[in-house]
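Got a structure for you, questions after.
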Amino acid sequence: MAEQTSLILTDKENVVIQAGSCAVTLLPQFGGKIASIQFRGHELLQAPLAAVAPRTHSMSFDSGDASGWDECLPSVAACTVPTENGPAHIPDHGDLWRVPWQDISPQADPRSVTLRGACFSLPLELERKLSLDETATGFRLSAAYRLTNTGDFPVRWSWAAHPLFLAAAGDRIVLPPSIKLLRVEGSGGDRLGRTGDTVSWPVAALATGGKADLSVAQAPDSAIGDKLFAGPLAAQENWCALERPSAGVRIRFTFDPAENPYLGLWICYGGWPDGPGPKQTCIALEPATAPVDSLAQTGPWSRVLEPGKSGAWGMHVDLDFL
């Protein structure tokens, strides 16, 4: 992890919040990215696949560093949506990872930071406050979000957290026991089927025959890349977790399904990006407003924010000792 640390910690504009032996590093100038979560000397996030560098409004996500934790707004997938102001063209993984965010923290606090980022495809502004606290069982990272429509027409939107946690073979994903089925958004080589298919959790049938335990992380050369969704979630299905024995940590998300009724799950063990070059080895647990990646795909989950109005939600990430 020394290479990642030297890459992301040299810029004077980086922001670090810390509690005890846990430190969270943010890059306001690069989409407000959470670039590093250090837990008792262990890095928990996916290292950059390329240098962290300025982004354009149209580049693909895989042509950047594809690392850390970004916020996907107003869509995960690139798409075009109609508005009263004409069609809006939303790029891959949304707007916010591409633009500088402003540090609006009200006061110097080593355990808290508030950043604000503005979309360019739609008149939306996202404010995110992160707070880090030590607990009896480890550490808690709390995230409070506020989304505002700064325009003069209604805006359709969707949001998903995009935290890419480093994975090692044998790590385990834990979902509420009542979750039995997941929807396939995409699966490399169609190993779990095609978009819209349903697979069982945790043990799924493979399209080519046989079965796979999706809850157990595989080796980095497994060439696996699957995006799945659970939901709509019931009130008691308000959590998910990743257990990393090699780092001595259990990463547990808690959130309100009334605010975010879906959970995206990205499991990648060397299966993405396509083509030559470094690959991700990560698991992303993604509370989300929608069960699909594209804002252009509408349904009962679709959300519209009126001009001048705001919406708020939050979640906690507990980093507990194993």
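Quick check on my filter: what residues within region 160-203 are in contact with a Lys or Arg (Cβ under 9 Å, 6 or more places away or on another chain), assigned to a loop (DSSP other than H, G, I, E, B) and over 29 Å from A47 (Cα atoms)?
Selection gives G196, D197.
I've got another one for you. Answer yes if at least one residue in region 101-114 is of a type in the set (A, V, I, L, M, F, W, C), touching a Cys at 6+ places or on another chain (Cβ under 7 Å) and either buried (at least 23 other Cβ atoms within 10 Å of the Cβ) or within 30 Å of G248 (Cβ to Cβ) (or both), and no otherwise. Explain how you work it out, then say what you get.
The first filter runs over region 101-114 and keeps only residues of a type in the set (A, V, I, L, M, F, W, C), leaving 101, 104, 108, 113.
Then keep just the ones that are touching a Cys at 6+ places or on another chain (Cβ under 7 Å); that gives none.
Within region 101-114, not a single residue is of a type in the set (A, V, I, L, M, F, W, C), touching a Cys at 6+ places or on another chain (Cβ under 7 Å) and either buried (at least 23 other Cβ atoms within 10 Å of the Cβ) or within 30 Å of G248 (Cβ to Cβ) (or both).
Could you count how many residues in region 34-55 are charged (D, E, K, R) and under 22 Å from L132 (Cβ atoms)?
We begin by selecting, within region 34-55, every residue charged (D, E, K, R); these are 40, 43, 55.
Next cut, under 22 Å from L132 (Cβ atoms) only: 40, 43.
Within region 34-55, residues that are charged (D, E, K, R) and under 22 Å from L132 (Cβ atoms) number 2.
If I filter region 170-179 for residues that are surrounded by fewer than 18 Cβ atoms within 10 Å (Cβ to Cβ), touching a Gly at 6+ places or on another chain (Cβ under 7 Å) and of a type in the set (A, V, I, L, M, F, W, C), do I get at least one hit?
no
Mind counting the residues in region 79-100 that are touching a residue at least 40 places away in the same chain (Cβ under 8 Å) and surrounded by fewer than 23 Cβ atoms within 10 Å (Cβ to Cβ)? Explain how you work it out, then say what you get.
So in region 79-100, the residues touching a residue at least 40 places away in the same chain (Cβ under 8 Å) come out as 79-81, 83-85, 90, 93, 96-100.
Applying the additional criterion that residues be surrounded by fewer than 23 Cβ atoms within 10 Å (Cβ to Cβ) yields 79-81, 83-85, 99-100.
Final tally of qualifying residues: 8.
Could you tell me which of the residues A161, A167, A205 is more than 23 Å from A290 (Cβ to Cβ), within 21 Å of the chain's Cα centre (by Cα) and not charged (D, E, K, R)? Talk me through it step by step, then tell me what you get.
On the way: A161 fails: more than 23 Å from A290 (Cβ to Cβ); A205 fails: within 21 Å of the chain's Cα centre (by Cα).
Being more than 23 Å from A290 (Cβ to Cβ), within 21 Å of the chain's Cα centre (by Cα) and not charged (D, E, K, R) holds for just one of A161, A167, A205, which is A167.
Here's something else I'd like to know. Looking at A88, A108, A19, A78, can you tell me which residue is under 20 Å from the mean Cα position of the chain (by Cα) and not β-branched (V, I, T)? Before the answer, list the steps.
Working: A88 fails: under 20 Å from the mean Cα position of the chain (by Cα); A108 fails: under 20 Å from the mean Cα position of the chain (by Cα); A19 fails: under 20 Å from the mean Cα position of the chain (by Cα).
On inspection, the qualifying residue turns out to be A78.
Separate question: Can you tell me which residue in region 119-140 is farthest from T25 (Cα to Cα), limited to those that are surrounded by fewer than 17 Cβ atoms within 10 Å (Cβ to Cβ) and among the hydrophobic types (A, V, I, L, M, F, W, C)? Write out each step before concluding.
Initial filter on region 119-140 (surrounded by fewer than 17 Cβ atoms within 10 Å (Cβ to Cβ)): 120, 133-137.
Those still in the list that are among the hydrophobic types (A, V, I, L, M, F, W, C) too: 120, 136.
Numbers: F120: 25, A136: 23 Å.
Looking at residues that are surrounded by fewer than 17 Cβ atoms within 10 Å (Cβ to Cβ) and among the hydrophobic types (A, V, I, L, M, F, W, C), I get F120.
Something else now. Considering only residues that are among the hydrophobic types (A, V, I, L, M, F, W, C) and either over 15 Å from G264 (Cβ atoms) or in contact (Cβ under 8 Å) with a residue 60 or more places away in the chain (or both), which ones fall in region 180-195? Break it down into steps so the answer makes sense when it comes.
First, pick out the residues of region 180-195 that are among the hydrophobic types (A, V, I, L, M, F, W, C): 181-182, 184, 192.
Once the filter is applied, which keeps residues that are among the hydrophobic types (A, V, I, L, M, F, W, C) and either over 15 Å from G264 (Cβ atoms) or in contact (Cβ under 8 Å) with a residue 60 or more places away in the chain (or both), region 180-195 yields only L182.
Suppose we keep only residues that are among the β-branched types (V, I, T) and not in a strand (DSSP E or B) within region 264-321. Which one would you say is surrounded by the fewest Cβ atoms within 10 Å (Cβ to Cβ)? Walk me through it before giving the result.
Initially, region 264-321 is screened for residues among the β-branched types (V, I, T), giving 267, 281, 283, 289, 292, 298, 304, 317.
Restricting the remaining residues to those that are not in a strand (DSSP E or B) gives 289, 292, 298.
Values: T289: 19, V292: 23, T298: 13.
That would be T298.
Still on this model: Answer yes if at least one residue in region 245-252 is closer than 26 Å to G299 by Cβ, surrounded by fewer than 18 Cβ atoms within 10 Å (Cβ to Cβ), more than 14 Å from the chain's Cα centre (by Cα) and of a type outside the set (S, T, Y), and no otherwise.
Step one: list which residues in region 245-252 are closer than 26 Å to G299 by Cβ, which gives none.
The answer is no; no qualifying residue exists.
Per-residue answers, yes or no, for (1) polar (S, T, N, Q); (2) at pLDDT below 95; (3) part of a loop (DSSP other than H, G, I, E, B); (4) in contact with a Pro (Cβ under 8 Å, 6 or more places away or on another chain):
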{"site": "P74", "(1), (2), (3), (4)": "no, no, yes, no"}
{"site": "A77", "(1), (2), (3), (4)": "no, no, yes, no"}
{"site": "V113", "(1), (2), (3), (4)": "no, no, no, no"}
{"site": "T148", "(1), (2), (3), (4)": "yes, no, no, no"}
{"site": "G151", "(1), (2), (3), (4)": "no, no, yes, yes"}
{"site": "R156", "(1), (2), (3), (4)": "no, no, no, yes"}
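Can you name the number of the only condition in (1) free of Cβ contacts under 8 Å to residues at least 24 places away in the same chain; (2) surrounded by fewer than 21 Cβ atoms within 10 Å (Cβ to Cβ); (3) small (G, A, S) that A204 fails?
Only one criterion is unmet by A204, namely (2).
Let me ask you something else. Select from region 17-28 the residues that are surrounded by fewer than 18 Cβ atoms within 10 Å (Cβ to Cβ) and of a type outside the set (A, V, I, L, M) and write down the one among them that is nearest to C119 (Cα to Cα).
Among residues in region 17-28 that are surrounded by fewer than 18 Cβ atoms within 10 Å (Cβ to Cβ) and of a type outside the set (A, V, I, L, M), the one nearest to C119 (Cα to Cα) is Q18.
A further question on this structure: Quick check on region 216-234. Is at least one of its residues in contact with a Lys or Arg (Cβ under 9 Å, 6 or more places away or on another chain), among the hydrophobic types (A, V, I, L, M, F, W, C), outside any loop (DSSP other than H, G, I, E, B) and farther than 23 Å from D293 by Cα?
Step one: of region 216-234, the residues in contact with a Lys or Arg (Cβ under 9 Å, 6 or more places away or on another chain) are 216-217, 220-221, 223-226, 228-231.
Checking which are among the hydrophobic types (A, V, I, L, M, F, W, C) leaves us with 216-217, 223-224, 228-230.
Still in the running and outside any loop (DSSP other than H, G, I, E, B): 216, 224, 228-230.
Those left that are additionally farther than 23 Å from D293 by Cα: 216.
Yes, that holds for at least one residue.
Mind listing whichever residues of region 32-70 are within 16 Å of D95 (Cβ to Cβ) and touching a Gly at 6+ places or on another chain (Cβ under 7 Å)?
Across region 32-70, the qualifying residues are G32, K33, R55, D70.
Of the residues H57, H89, which single one is part of a strand (DSSP E or B) and more than 25 Å from A168 (Cα to Cα)? Lay out the reasoning, then the answer.
Numbers: H57 fails: part of a strand (DSSP E or B).
The conditions single out H89.
Continuing with this model, one more query. For region 141-157, enumerate the residues that are in contact with a Ser or Thr (Cβ under 7 Å, 6 or more places away or on another chain) and either surrounded by fewer than 16 Cβ atoms within 10 Å (Cβ to Cβ) or farther than 16 Å from S310 by Cβ (or both).
If the condition is that a residue be in contact with a Ser or Thr (Cβ under 7 Å, 6 or more places away or on another chain) and either surrounded by fewer than 16 Cβ atoms within 10 Å (Cβ to Cβ) or farther than 16 Å from S310 by Cβ (or both), then S142, F153 are the ones that fit.
The values are calculated or read from the model by the stated rules, or taken from the named source; none is laboratory data. Note that the coordinates shown come from a computational prediction; the quantities given were computed from them, not determined experimentally. For neighbour counting, all protein chains shown are included, and Cβ atoms are generated from backbone atoms with ideal geometry for every residue, glycine included.
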